[in-house]
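**Student:** Here you go, one structure.
The values are calculated or read from the model by the stated rules, or taken from the named source; none is laboratory data. This one's a predicted model, so the numbers in the text were calculated from it and none came from an experiment. Positions of Cβ are generated from backbone atoms using ideal geometry, with glycine treated the same way; all protein chains shown enter the neighbour counts.
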Amino acid sequence: MRTLVLLLVTFFAMLAGGCSISESISKSVSSPFEWSSDSSASSSGSSSRTRADYINDVRDYTQAYVKSGGDFDTFTQGLGQIAARHGVSNWESDSDTYTGIGQGLKKAGMTPMQLDVWKTNMAKGDPSKAAAIQKGYDSYRP
């Protein structure tokens, strides 16, 4: 069990790439990674975040979730936390959320067939959400 935990911690650290593990336990429980937009905002002295930062954070979070697995409710809770950090009050109706999800799915190596399953589950019948996921998937270039 200890080996599995160590492997998972190492895996998440590697997935984080430009992200760093949180400094405090309370922060790590709610958000185990400091996203790249957090780092750039704090290093520049500015707390302003762009929509591109939001999409990038959703992309990176989605990719990490896909690679690690987990429960869907946890995934959506994490999306809510990312949205809150970026001042997005209703992530479920924000097309940039779905664009970021699509990019994250592509970054995680999802096949077009797997993408279709995600679009069905995330869009819940909304063609504009499905189109935003597809747009993100098609536009992402590693």
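Yes/no matrix, rows are residues, columns are (1) touching a Leu at 6+ places or on another chain (Cβ under 9 Å); (2) modelled with pLDDT under 95; (3) on the phi < 0 side of the Ramachandran plot; (4) among the charged types (D, E, K, R):
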site: 70; (1), (2), (3), (4): no, yes, no, no
site: 73; (1), (2), (3), (4): no, yes, yes, yes
site: 83; (1), (2), (3), (4): no, no, yes, no
site: 94; (1), (2), (3), (4): no, no, yes, yes
site: 101; (1), (2), (3), (4): yes, no, yes, no
site: 104; (1), (2), (3), (4): no, no, yes, no
site: 107; (1), (2), (3), (4): no, no, yes, yes
site: 133; (1), (2), (3), (4): yes, no, yes, no
site: 140; (1), (2), (3), (4): yes, no, yes, no
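**Student:** Given the conditions (1) surrounded by fewer than 21 Cβ atoms within 10 Å (Cβ to Cβ); (2) within 11 Å of the chain's Cα centre (by Cα), which single one is not true for residue 110?
**Tutor:** Going through the list (1) surrounded by fewer than 21 Cβ atoms within 10 Å (Cβ to Cβ); (2) within 11 Å of the chain's Cα centre (by Cα), residue 110 breaks only (2).
**Student:** Restricting to segment 57-107, and then to whatever is among the β-branched types (Val, Ile, Thr) and more than 16 Å from residue 132 (Cα to Cα), can you tell me which residue is surrounded by the most Cβ atoms within 10 Å (Cβ to Cβ)? So that I can check it myself, show each step before the final result.
**Tutor:** First pass over segment 57-107, keeping only residues among the β-branched types (Val, Ile, Thr): 58, 62, 66, 74, 76, 82, 88, 97, 99, 101.
From the residues that got through so far, the ones that are more than 16 Å from residue 132 (Cα to Cα) too are 66, 74, 76, 82, 88.
Values: 66: 19, 74: 10, 76: 12, 82: 22, 88: 20.
The qualifying residue surrounded by the most Cβ atoms within 10 Å (Cβ to Cβ) is 82.
**Student:** Kindly provide the set of residues from segment 113-130 that are buried (at least 16 other Cβ atoms within 10 Å of the Cβ) and over 12 Å from residue 97 (Cα atoms), ordered by number.
**Tutor:** Just the residues of segment 113-130 that are buried (at least 16 other Cβ atoms within 10 Å of the Cβ), to begin with: 115, 118-119, 122-123, 129-130.
Listed by number, the residues that qualify are 115, 118, 119.
**Student:** Another one. Being over 17 Å from the mean Cα position of the chain (by Cα) and assigned to a helix (DSSP H, G or I) is the filter; apply it to segment 115-129 and report the residue that is nearest to residue 66 (Cα to Cα). Explain how you work it out, then say what you get.
**Tutor:** Within segment 115-129, the first condition is being over 17 Å from the mean Cα position of the chain (by Cα), and the residues that meet it are 116-117, 120, 124-128.
Now drop any that are not assigned to a helix (DSSP H, G or I), which leaves 116-117, 120, 127-128.
Values: 116: 14, 117: 13, 120: 16, 127: 23, 128: 22 Å.
So, considering only residues that are over 17 Å from the mean Cα position of the chain (by Cα) and assigned to a helix (DSSP H, G or I), the one nearest to residue 66 (Cα to Cα) is 117.
**Student:** Mind checking which pairs have a first residue in segment 58-79 that is more than 18 Å from residue 124 (Cβ to Cβ) and a second that is in a helix (DSSP H, G or I) and of a type in the set (D, E, K, R), Cβ under 8 Å, 6 or more apart or different chains?
**Tutor:** Pairs that qualify, where the first residue is more than 18 Å from residue 124 (Cβ to Cβ) and the partner is in a helix (DSSP H, G or I) and of a type in the set (D, E, K, R), are 59/107; 60/107; 63/107.
**Student:** Still on this structure, please answer the following. Of the conditions (1) free of Cβ contacts under 8 Å to residues at least 40 places away in the same chain; (2) over 13 Å from the mean Cα position of the chain (by Cα); (3) part of a helix (DSSP H, G or I), residue 142 clears all except one; give me its number.
**Tutor:** Failing condition for residue 142: (3).
**Student:** Still on this structure, please answer the following. Note down all Cβ pairs under 8 Å where the first residue falls in segment 82-107 and is basic (Lys, Arg), the second is buried (at least 24 other Cβ atoms within 10 Å of the Cβ) and at pLDDT below 95, and they're at least six residues apart or on different chains.
**Tutor:** Within 8 Å, the pairs are 85/35.
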